[in-house]
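Values quoted throughout were computed directly from the atomic coordinates according to the rules given, and no laboratory measurement underlies them. Predicted, not measured: the structure shown is a model, and the values here were computed from it. Every residue, glycine among them, receives a Cβ derived from its backbone with ideal geometry; neighbour counts consider all protein chains shown.
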Amino acid sequence: MKILVVDQTTVTRLLPMDDCMAAMEEALAVLARGDAILPLRQVLRLPGGRGAFAAMPAYDGSSESIGLKAITVFPGNHGTELDSHQGAVLLFEGERGRLLAVMDASSITAIRTAAVSGVATRLLAREDAGDLAILGTGVQARTHLEAMRIARPVRRVRVFSRDPGRVRAFAERASARHGIAVEPAASARQAVEGADLVCTVTSSTEPVLLGEWLAAGAHINAVGASLPHCRELDSAAVARARLFVDRRESALNEAGDVLIPRREGAIGDDHIQAELGEVVLRRHPGRGNADEVTLFKSLGLAVEDVAAARLVYRHAERTGAGTWVELGGARETS
């Protein structure tokens with residue numbers, strides 16, 4: 001039987017941000033309705049802390065799709081020719097278990113992660129929010145700028161990372177691409193103060209965002225840290241904010257941004273207001289007033305990868321993109 005193989009460039013072309021945001025909103029709703037099976041990710045950590053391998057399976061009952069993302073995470077790749085996240089997403093159909101496609105995971109991860117942050121921003125940020133701070137200059141900084149500009153009418157952008165050269169290069173590229181002035185900031189504090197949208201997309205294991213810097217009414221998308229011992233926000237920032245997550249079980253097992261403040265006694269489990277899908281379904285109102293700080297802690301879920309892969313598959317079938325290869329799966333007969 002033939003399966004579809006979709007490379008990195010083609011995934012990017014077939015997964016436009018606005019379409020992906022719509023797909024992520026539906027995937028989060030599917031999860032909140034209980035129509036998904038989503039085990040916690042299995043993570044194999046390599047010796048010396050240089051990287052990890054993760055297996056992320058999911059079943060989407062609404063579309064009867066099965067998927068698995070197998071991915072390596074090597075933070076040391078930042079600044080090199082390689083993405084920090086590399087691997088493949090496998091898409092299966094749920095009626096007879098046929099493997100449908102193998103797709104590049106780096107591009108799916110980059111786009112769907114930012115798309116979920118875009119959904120969170122639409123649901124939680126103030127309607128007039130448009131002063132954006134981005135901490136980090138990697139792949140996720142690029143895709144998050146795109147998603148934020150779709151979610152809100154961004155009028156100002158400041159960016160910071162520890163490498164001034166990369167900050168300048170990112171600002172120049174992003175300014176040219178989006179036709180908006182992207183300002184290099186001299187410090188994280190300078191980037192964040194006065195911003196009403198903040199995206200943390202770093203590889204840091206220690207806080208890069210302090211609660212005392214946050215303006216009233218700000219919304220934060222915390223994306224970079226995905227392990228129990230890593231965090232991008234200090235405990236004051238998390239305690240100050242109304243906290244929303246992609247999934248409670250994942251946050252309470254994997255998110256250092258939640259687990260470390262909880263261990264310090266700064267917050268309890270009830271600090272999580274809702275899953276984002278509950279806000280999509282209007283089971284929770286989201287933001288309560290214009291002055292409160294809202295925080296979306298993103299970990300990334302396999303059901304999002306399945307939804308993104310299904311979208312790519314549909315677009316590939318329609319346009320003839322990708323490569324079809326004979327792999328097997330049929331019962332052998334004598």
Legend entry - Cα long-axis angle, helix 302-319 against the chain (0 to 90 degrees, to the nearest 10): 60 degrees
Inset, instruction - Could you list which residues have their amide H under 5 Å from that of VAL157, counting only those 5 or more apart in sequence or on another chain, with H placed in the peptide plane? - result: LEU132, GLU183
Inset, instruction - Measure out, as a whole number of angstrom, how far apart the alpha-carbon centroids of segment 76-126 and segment 230-252 sit. - result: 21 Å
Inset, instruction - Please figure out what share of the DSSP beta bridges in the chain is antiparallel and state it in percent, rounded to the nearest 5. - result: 50 percent
Legend entry - Helix 139-151 axis, angle to the chain major axis (alpha carbon atoms, nearest 10°): 80 degrees
Inset, instruction - Return a whole-number percent for the relative contact order of the chain, with Cα pairs under 8 Å and 6 or more residues apart as the contact set. - result: 22 percent
Legend entry - Structure-based [θ]222 nm, the chain - -39500 (n - 2.57) summed over DSSP H runs of at least 4, per residue, nearest 500: -11000 deg cm²/dmol
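Please give the net charge around ARG173, taking every other residue with its beta carbon less than 11 angstrom from that of ARG173, where Lys and Arg add +1 and Asp and Glu add -1. Spell out each step's value before the answer.
Working: positive: ARG142, ARG166, ARG168, ARG177; negative: GLU172.
Net charge around ARG173: +3.
Could you order the peptides 282-292, 94-104, 73-83, 298-308 from most to least packed, using the average number of other C-beta atoms within 10 Å per residue? Present the calculation step by step, with values, prior to reporting the outcome.
Values: 282-292: 13.1, 94-104: 16.6, 73-83: 15.1, 298-308: 27.4.
Top of the packing list down: 298-308, 94-104, 73-83, 282-292.
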Legend entry - At R0 = 22 Å, FRET efficiency that the Cβ-Cβ distance of ALA22 and ARG282 yields, to 0.05: 0.85
Legend entry - Label-point separation in nm, ARG98 to ASP7, each point 7 Å along Cα→Cβ: 2.6 nm
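With charges only on Cβ, +1 for K and R and -1 for D and E, what is the dipole size of segment 294-334 about its Cα centre, in debye, rounded to 20? Show your work: numbers first, answer last.
Numbers: 5 positive and 5 negative charges, 40 e Å.
That gives segment 294-334 a dipole magnitude of about 180 debye.
When only Cα pairs under 8 Å and 6 or more residues apart are kept, what is the percent relative contact order across segment 127-297? Please list the in-between numbers first.
On the way: 363 pairs, mean separation 33.9, N = 171.
Once normalised by length, the contact order is 20 percent.
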Legend entry - Per-residue HN-Hα couplings for segment 230-245 [Karplus 6.51, -1.76, 1.60; θ = phi - 60°; Hz; x = Gly/Pro]: 10, 8, 10, 10, 6, 5, 5, 5, 5, 5, 6, 9, 7, 9, 10, 10
Inset, instruction - Among SER62, SER106, SER161, determine the one that fluctuates most according to a GNM of the chain built with springs between C-alpha atoms less than 10 Å apart. - result: SER62
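What is the extension gain from ARG262 to LEU82, computed as 0.36 nm multiplied by their sequence separation minus the C-alpha to C-alpha distance, in nm to one decimal?
Here the answer is 61.3 nm.
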Legend entry - Prolate/oblate/rounded call for segment 53-130, Cα gyration tensor, a/c under 1.5 rounded: oblate
Inset, instruction - For the chain, give the magnitude of the charge dipole about the Cα centre (Cβ charges: +1 Lys/Arg, -1 Asp/Glu; no others), in debye to the nearest 20. - result: 340 debye
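Treating only the Cβ of Lys, Arg, Asp and Glu as charged (+1, +1, -1, -1), what charge dipole size does segment 127-297 show about its Cα centre? Round to the nearest 20 debye. Kindly include the intermediate steps, with their values, before the conclusion.
Values: 23 positive and 24 negative charges, 106 e Å.
My answer is approximately 500 debye.
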Legend entry - Tilt relative to the chain, helix 164-178 - C-alpha long axis, 0 to 90 degrees, to 10: 70 degrees
Inset, instruction - Would you work out which of VAL312, GLN190, VAL119 lies farthest towards the positive end of the dipole of the chain? Charges go on Cβ: Lys and Arg +1, Asp and Glu -1. - result: GLN190
Inset, instruction - Give the long-range amide H neighbours of ILE272: residues separated by 5 or more places, or on another chain, with amide H under 5 Å away, using H modelled in the peptide plane at 1.01 Å from N. - result: none
